[in-house]
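Nothing in this text is a laboratory measurement; each read-out follows from the coordinates by a stated rule. Small disclaimer: the values here were computed from a predicted structure and weren't measured. No Cβ is skipped: glycine too gets one built from the backbone with ideal geometry, and neighbour counts run over all protein chains shown.
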Amino acid sequence: MDRFRIASLEKLIRSRALTTVQIQSASNEMLTKLDVYLQGARRRDHRDECLAYERKRDWARCCLEEPGKYADSRFDTEEATG
């Protein structure tokens, strides 16, 4: 369930329809969901999922710190969908 919420938040942030404050709020929520999801993936030893979602977590942190640069290709996670 969390992976769908994570994907939804990522899509919303990438839509460029949000203000800076909204991007930061969505990023905070995404980080919370990612932490929960990663805990479960680690517990179940799903290494590939962990790597993909850790990249998403790095991207979400970038969005939180620099909301104006959230489309930076270095953190592009479209291909890392689990």
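Considering segment 6-28, and only residues there that are within 10 Å of the chain's Cα centre (by Cα) and surrounded by fewer than 17 Cβ atoms within 10 Å (Cβ to Cβ), the residue that is nearest to residue 65 (Cα to Cα) turns out to be 28.
Pairs meeting the criteria (first residue in segment 1-23 and farther than 12 Å from residue 60 by Cα, second residue assigned to a helix (DSSP H, G or I) and among the acidic types (Asp, Glu), beta carbons under 7 Å, at least 6 apart or on different chains) are lacking. Hey, among the residues in segment 24-49 that are polar (S, T, N, Q) and either in contact (Cβ under 8 Å) with a residue 40 or more places away in the chain or outside any helix (DSSP H, G or I) (or both), which one's farthest from residue 8 (Cα to Cα)? Of everything passing the filter in segment 24-49, 24 is farthest from residue 8 (Cα to Cα). Among the residues of segment 28-51, those that are of a type in the set (D, E, K, R) and more than 17 Å from residue 7 (Cβ to Cβ) comprise 42, 43, 44, 45, 47.
Would you mind stating whether residue 57 is charged (D, E, K, R) and touching a Leu at 6+ places or on another chain (Cβ under 6 Å)? In short, yes.
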